[in-house]
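All remarks here apply to the structure that follows.
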Amino acid sequence: ASTLFPDGPTLPLNGVALVRAEGGDFLYVNDNGAPNTVSAFRVDGAGGVSHVTSYPTGGSSGFVPGAGLVAAPTVAAHGRRLLVLNPSARGPAPAPASVSSFDVLPDGSLAPVPGSPFDLGTASASIALDPTGAVLYAGGAAGDVVKLAVGPDGALTPVAHAAVAGAAGKPNGLAVDPTGRWLAFTTPGRGDLVVLDAATLAPIDGGVLSDVFLPSPAANPPWIAAGVVFDAQGRLFVGHTGGYPVVSAYRVLAPDTAPPVVTILAPAAGVVSGEVEVSATAEDLHLASLGCSAGGVPLGSTTLPAFSAALSTLAFLDGPLTVSCAASDQAGNRGTASVDVAVKNWTERLVPARLSLASQGRVVTLAVTGPNVALLAGIVHRLALAPPGGGLAPALGLTGDGEEGGAPPGTIRIAFDRRTLDALLRAAVAAGAVDPALEVTLALVDRLDVRVLGSATATLVP
């Protein structure tokens, strides 16, 4: 396990920034002992720290950073640019704070850029740079935030100044997330945690949490937020002091408008029979649920990113079947996917298999064999035979006639209107839609759903 141990003097300083220059690594800190001063320390190869010199910032606040207060960031660096906050003086009407901008020279010495220090136009006690180093944020004394552009020459230009609705007290310990999208800070005393959209300086939805550090005001002393920091993954850590110093962790969720991506792994499009597996996955950082159905019948759901269930096709009529899967996320977005399969558990035979167009018969029988043909018995009145060329010959009902020697187990026989069928076939032959010397395919049709359930072939006899 790693161990922390003292390595060098303990320094009365506030705010630390590390800059790497040709002459080595240097730490720059706002000096608690002398106002309007930034001190430089060299970091040697062994990690030791030694004071090099101190530089005047050009500020005039007369306020010692951090004196009697929880420490807040008052220095920030990006590349070879160092920015130092000159906080506001104390008093009922504090003077505006300013920020000093320095170039870090190869030997670690500091050179103020032209125009430094730059007036913030408001009292302030904390600053933060975005990851690009091109935008600086400063917390005001009345729950307001100043946004400034950092030019290539180090000059600061005000961009926006906004009061933060709902925040009680001045921002303490600003931090910007690794993407530059979110700006977070805390307020001393009441203990608010505030997260802003860095582009607009407006709180995000649910971005002002009040009294988050005081779960039981009557039993505990006030907790004071000591600072915030984002890690490389964008998690927000908040340190706070009081009766029970703790660190809280949060995650900022961006507005989620993207639906989950649903992929059906099985079944594949094609013919299915018996029992098949239905499996699907959903991709979403904040997945809430994933479920599937077959023909509108739910198969179940899960909160996991993968779903699997057994589907018995025997519960469905032969013919087309749609398997659908849907996923939703915590923001209410919904993603779907579907696959069309053809259920085939039956075989169909026409009796007689030779159809004479000159026949005077009244019925033709279709024998359907399969493990679940009983499903057809309840919808016989909806069935019809459809010959090529169009038209429907309706079912007359179930029958036990029409096949010598009986039928295989699991078989039902359905009688259809032979006269209507023959008339339709003669019309198809006359129109050239059917060659009387060839076999024809007669479709078993569900007239209500207008779909084909099966088919049988017959040889025409002129």
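Structure notes:
- When residues of segment 346-372 are limited to those that are in contact with a helix residue (DSSP H, G or I) (Cβ under 7 Å, 6 or more places away or on another chain) and farther than 15 Å from L442 by Cα, the one surrounded by the fewest Cβ atoms within 10 Å (Cβ to Cβ): R362
Residue by residue, here is whether (1) closer than 28 Å to P35 by Cβ; (2) in a strand (DSSP E or B); (3) at pLDDT 75 or above; (4) not basic (K, R) holds:
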site: A138; (1), (2), (3), (4): yes, yes, yes, yes
site: L148; (1), (2), (3), (4): yes, yes, yes, yes
site: A165; (1), (2), (3), (4): no, no, no, yes
site: P203; (1), (2), (3), (4): no, yes, yes, yes
site: A219; (1), (2), (3), (4): no, no, no, yes
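- Any hit, segment 236-257, residues being within 30 Å of G291 (Cβ to Cβ), touching a strand residue (DSSP E or B) at 6+ places or on another chain (Cβ under 8 Å), at pLDDT 75 or above and of a type in the set (D, E, K, R): yes
- Out of A310, A327, sole residue that is modelled with pLDDT of 95 or more and surrounded by 13 or more Cβ atoms within 10 Å (Cβ to Cβ): A327
- Single residue of segment 313-324 satisfying the filter (assigned to a helix (DSSP H, G or I) and hydrophobic (A, V, I, L, M, F, W, C)) that is surrounded by the fewest Cβ atoms within 10 Å (Cβ to Cβ): A315
- Top-ranked residue of segment 72-88 - restricted to ones that are crowded, with 18+ Cβ neighbours inside 10 Å and farther than 19 Å from V176 by Cβ, ranked as modelled with the highest pLDDT: N86
- Close pairs (8 angstrom Cβ cut-off, 6 or more residues apart or separate chains): within 14 Å of L453 (Cβ to Cβ) in segment 370-394, surrounded by 19 or more Cβ atoms within 10 Å (Cβ to Cβ) and of a type outside the set (A, V, I, L, M, F, W, C) anywhere: G370/D318; G370/N345; N372/N345
- If you filter segment 450-462 down to residues that are under 59 Å from the mean Cα position of the chain (by Cα) and in contact (Cβ under 8 Å) with a residue 12 or more places away in the chain, you find that the one that is farthest from S359 (Cα to Cα) is R451.
- The set of residues from segment 96-111 being surrounded by fewer than 18 Cβ atoms within 10 Å (Cβ to Cβ) and either among the acidic types (D, E) or touching a Gly at 6+ places or on another chain (Cβ under 8 Å) (or both) comprises P96, D103, P106, D107.
- Output for segment 105-136, where each listed residue is farther than 20 Å from F26 by Cα, assigned to a loop (DSSP other than H, G, I, E, B) and charged (D, E, K, R): D130
- Among the residues making up segment 325-353, those that are part of a loop (DSSP other than H, G, I, E, B) and touching a residue at least 12 places away in the same chain (Cβ under 8 Å) are Q330, A331, N333, K344, N345, W346, P352, A353.
- Number of positions in segment 272-305 that are in a strand (DSSP E or B) and surrounded by 12 or more Cβ atoms within 10 Å (Cβ to Cβ): 20
- Here L69 fulfils each of the conditions (1) farther than 20 Å from L129 by Cα; (2) of a type outside the set (K, R); (3) at pLDDT 70 or above apart from (3).
- Within segment 382-428, tally of residues that are surrounded by fewer than 17 Cβ atoms within 10 Å (Cβ to Cβ), modelled with pLDDT under 85 and over 58 Å from the mean Cα position of the chain (by Cα): 6
- Applying the set (1) within 53 Å of the chain's Cα centre (by Cα); (2) closer than 20 Å to P408 by Cβ to A353 leaves exactly one unmet item: (1).
- Each residue in segment 429-462 was checked for being in a loop (DSSP other than H, G, I, E, B) and surrounded by fewer than 20 Cβ atoms within 10 Å (Cβ to Cβ), and 12 pass.
The values are calculated or read from the model by the stated rules, or taken from the named source; none is laboratory data. These figures come from a predicted structure and were not determined experimentally. Neighbour counts run over all protein chains shown; Cβ positions are idealised from the backbone, glycine included.
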